[in-house]
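In what follows, a structure is listed as structure tokens, so that the remarks can point back to it.
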Amino acid sequence: MAPQEEAQYAPSDVIAVLNRLSEMIEQGRGVPFSASVMINQAEGVELLDNARAALPADLVNADRIVADANKVLDAADEEAAQTISDARVEAEQVTREAEEEAHNTVTQANAQAEQTIAEANQRAESTINHADAQAEETIAQANQRADQILQEARQRADQLVSQENIYREAQQAARQTVQEARQQASDFMNQSDQYVSESLAQLEELLGGIAEQTRQGRAQFSRQERPQF
């Protein structure tokens, strides 16, 4: 026996047969005193045979439709899986780039802070050394001037009768000169200390700004939205 051709997609023959049976029952002549109707037996049997013969073809068509639907679902699942995979790869790359940028920002801020501290320490040390040298020079000049005054006083005392009074005046003048020189040196040291304190305060303010920028960078990184999977 030659194989039957596969049924093409078309309205179900079974449905058509059932519709025809329904019409026969509705149009059949009713039996008195009952809910029964009379229909053509031969035509009804023929319709049932046709429905029975068409049923396997409809099942094949239904299986084919289900298979096609499964293929569509499988393709959609594969596409969704690929989309999720691509999104994860992109999210990981964005996260790595953000972490690298944050690390570079912190590293640069730390380097800048270390350089600023080193420069401030160097300026402070240079200022203190300069103040010490100038103070020593001032005291040395005062001592030299005092010696010169005493020497001049002695010379004048030798020439005058009241040598003792002149000598005392010279000593007083020498002591006053030394005291003034020491006062000048002290004032200069105080000014140097004030300059160093102001420089360190400016440095502290600069470091505070750098620390605030670093905290803001970290906070912005932590607030970035992460892809949801």
**Message:** Of the listed values [x] 30.7; [y] 12.2; [z] 15.9, identify the label whose number matches mean projected area of the Cα convex hull in nm² calculated from this model.
**Reply:** [x]
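What value, in deg cm²/dmol to 500, does the helix sum -39500 (n - 2.57) over DSSP H runs of n ≥ 4 give at 222 nm once divided by the residues of the chain? Before the final figure, lay out the partial values.
On the way: 3 runs with 195 residues, N = 229.
Mean residue ellipticity, 222 nm, calculated: -32500 deg cm²/dmol.
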**Item:** Choice from Ala67, Ala111, Ala124 showing the highest fluctuation, given a GNM over the chain with Cα pairs closer than 10 Å
**Value:** Ala67
**Message:** I need the shape label for region 78-166. Rule: rounded when a/c is under 1.5, else prolate if a/b > b/c, else oblate, with a, b, c from the alpha carbon gyration tensor.
**Reply:** prolate
**Prompt:** Residues with amide H under 5 Å of Val37's amide H, sequence separation 5 or more or different chain, H placed in the peptide plane at 1.01 Å from N; which?
**Reply:** Val31
**Message:** I'd like the accessible area for Arg154: 1.4 Å probe, protein heavy atoms, all chains in place, Å² to the nearest 10.
**Reply:** 110 Å²
**Fill in**
Place a point 7 Å from the Cα of Arg223 in the direction of its beta carbon; the residues of region 95-115 whose amide N falls under 17 Å from it are 102
**Item:** Heavy-atom surface of the chain, accessible at 1.4 Å and reported per residue (Å²)
**Value:** 79 Å²
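Using the Cβ atoms and a cut-off under 14 Å, what net charge is assigned to the surroundings of Ala109, where Lys and Arg are +1 and Asp and Glu are -1?
Around Ala109, the charge tally is -1.
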**Request:** In debye, nearest 20, what is the charge dipole magnitude of the chain about its Cα centre with +1 on Lys and Arg Cβ and -1 on Asp and Glu Cβ, if you could check?
**Result:** 940 debye
**Asked** With point charges of +1 on the Cβ of Lys and Arg and -1 on the Cβ of Asp and Glu, referenced to the Cα centre of the chain, which listed residue (Gln82, Ser36, Leu48) lies farthest in the positive direction of the dipole?
**Response** Gln82
**Item:** Whole-Hz ³J(HN,Hα) from phi, Karplus 6.51 cos²θ - 1.76 cosθ + 1.60, for region 174-186, glycine and proline x
**Value:** 5, 4, 5, 5, 5, 4, 5, 5, 5, 5, 4, 5, 5
**Complete:** Per the rule of 0.36 nm per residue minus the C-alpha distance, extending Ser126 to Val94 adds in nm 6.8 nm
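The values are calculated or read from the model by the stated rules, or taken from the named source; none is laboratory data. Keep in mind the model is a prediction, meaning the values are calculated, not measured. Don't worry about glycine lacking a Cβ; one is built from the backbone with ideal geometry, like all the others, and counts go over all protein chains shown. Accessible surface is based on the protein model in full, side chains and every heavy atom, while ligands, DNA and RNA are left aside. Shrake-Rupley method; radii C 1.70, N 1.55, O 1.52, S 1.80 Å.
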